[in-house]
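Below you'll find the structure, written out as C-alpha cells, and then a few comments.
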Amino acid sequence: MRGLLIGIVILLGIGVFVGTQAVYIVDETQQALVLQFGAPVGDPKTSAGLQFKAPFVQRVLFFEKRILSSDAPPQEYLTTDKKRLVVDHVTRWKISQPLVYFQAVATESGARARLDDIVFSEMRKELASVDFVDIISAEREDIMTRVATAAQNEATAFGISVIDVRIKRADLPQEVEISVYNRMQAERQRESSLFRSEGDSESLKIRSAADVTVAQTIAEASRQSRQIKGRAEAKAIDTLAEALQKDAEFYSFIRSLETYEASLKEQTTVVLSTDSPLFSFLTDPLGSDASKPEKE
C-alpha cells in the first residue's frame, strides 16, 4: 500500500511538471511565438490568455505588444541651403508581425539598430530637400510626417510598424552656433544703437518744445505780473493821494512813525537839525510846527 501511494505521488508530480511545460500564459501587454527546435510553429499568439504547447520540445518566445521607442544619438545633417544641423530625434514603433520580426531582427536591440539606420537615411534625404528655416518653423510637422511614412514603408519588411518620428532638438554645430550668436549679438547691438539714437533725437525735440513752452509761460507770467504790479501801484498812489487830501497832518504823522520805526533801532544815534521836519514830532508830538504852512 505504501509503495502504491508513493507511486501515485510520483505520477502526480510528473503530471504537474508535464502540465506546467504544456501550458503558458500570454499577458495582455505581450504577444508570443512558439518555437520547436528553434523554428517557429503555428501562428503568433496575439490575444491574452492561456495557451498550450508541446512540452519539452517547444518553447515560447514573448514579444512586447506595447509601443516602444528608439532614442537615437544626435546626427549632423545638411539642408538644401547648405546649413549644417545637428538633429536629435526619437522614433516610436511597435512589433506588428511577430513572425517576420523574429525572422528579420529577432531582438529589440537588433530592431532598434535596423530602425535607426532607416530613419537616419530618410531624415538625411528629407532634410537635404528643405531649407534650415523650414526645420525650425511650422513646416517641421509635415517634414517629420513624410519621414515617418517613408520609414514605415521600409520597416514593414522587419515586422515593425512606425508610429511617428519626432525631433527633440535641432541645433547648429557648436562652432557654427558661436558665430551665429556673435552675428545675432552684433545685429542686436546695431538695432539698440539705432533705437538709442532715435530716442535721443525724440528726447531733444521734446526738451526743446518744453523749453519753448517754459519760456513762453515765464514771459506771459512776467507780463501779467508787471500789469498787476502797475495796477497795484496805481491803486496805491490813488489811495495815498486820497488819504493825503483827507488828512494831510495825520498822513504826515503816520509816515514819520514809519520812518522812526525803520531808522531808530536799539543803540542808534541820529544827528538831526533842530528845524528838521522829522525832529518836529520828537519835540512836539502834535507836530504843530511841522504841519503849519510856511508864511510868505
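Just so it is clear, none of the values below were taken in a lab; they were calculated from the coordinates. The structure presented is a predicted model; accordingly, all values stated were derived computationally and were not measured. As a convention, Cβ positions derive from the backbone with ideal geometry for all residues, glycine included, and neighbour counts pool all protein chains shown.
Computed quantities for the displayed model
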| read-out | value |
| --- | --- |
| Label point distance in nm, Ile178-Glu233, each placed 7 Å from Cα along Cα→Cβ | 8.0 nm |
| Loop GluC sites (Glu not before Pro), the stretch 70-141 (other Cβ atoms within 10 Å of the site Cβ: 14 or fewer; DSSP) | Glu139 |
| Nitroxide proxy distance, nm - points 7 Å out along Cα→Cβ at Ser222 and Thr107 | 9.9 nm |
| Dipole of the stretch 68-177, positive direction: furthest Cα of Ala138, Phe102, Val90, with charges on the beta-carbon | Phe102 |
| Cβ-based exposure ranking for Met184, Met144, Met123, in which fewest neighbours within 10 Å come first | Met184, Met144, Met123 |
| Dipole magnitude of the stretch 68-177 about its Cα centre (Cβ charges: Lys, Arg +1; Asp, Glu -1), debye to nearest 20 | 320 debye |
